[in-house]
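Here, each number is a calculation from the coordinates, and none is a lab measurement. Keep in mind that what you see is a predicted model, and the values were worked out from it rather than measured. Heads up, the Cβs are rebuilt from the backbone with ideal geometry, glycines too, and the neighbour counts pull from every protein chain shown.
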Amino acid sequence: MPPAEVSAAVEKLRLHAYALLHSVVSYETWRGVPTIYMYCLRDNAIDIGVQRMLVEKVACGAGVDIKTETLDSGHSPFYSMPGELVRVTPSATGYGDN
């Protein structure tokens, strides 16, 4: 992303509520709705191998079908390539046309 866009995005960041990290989850939504994971090939925060391992571990352990797509993006494709993210999401979830 161009530096000006990065700066604008960083200015919009807000603190995450600390209490949420320690809240009891009463319902895991991803178990009951179509779930998609976007593998991000240029993610510098979570290596692609780790991404794949985590998704496989969760899917197998929970017995849930997790659909996946792969994007040539960094950690935040919703900033760097929102158009591509929107394009692949409907087909990956099984809803809508691509």
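Computed over the chain, the Cα gyration tensor eigenvalues convert (square root of 5λ each) into semi-axes of 24, 20, 15 Å, ordered from largest to smallest. Going from the residue with the fewest nearby Cβ atoms within 10 Å to the one with the most, E11, E56, E84 rank E11, E56, E84. The distance linking the range 58-90 with the range 39-54 is 11 Å (Cα centroid to Cα centroid, whole angstrom). From helices alone, the chain scores -12000 deg cm²/dmol at 222 nm; the rule is -39500 (n - 2.57) for each run of n ≥ 4 DSSP H residues, then divide by the residue total. Here's how it looks for Y37: its modeled amide H is under 5 Å from those of K67, T68, E69, which are all 5 or more places away or on a different chain.
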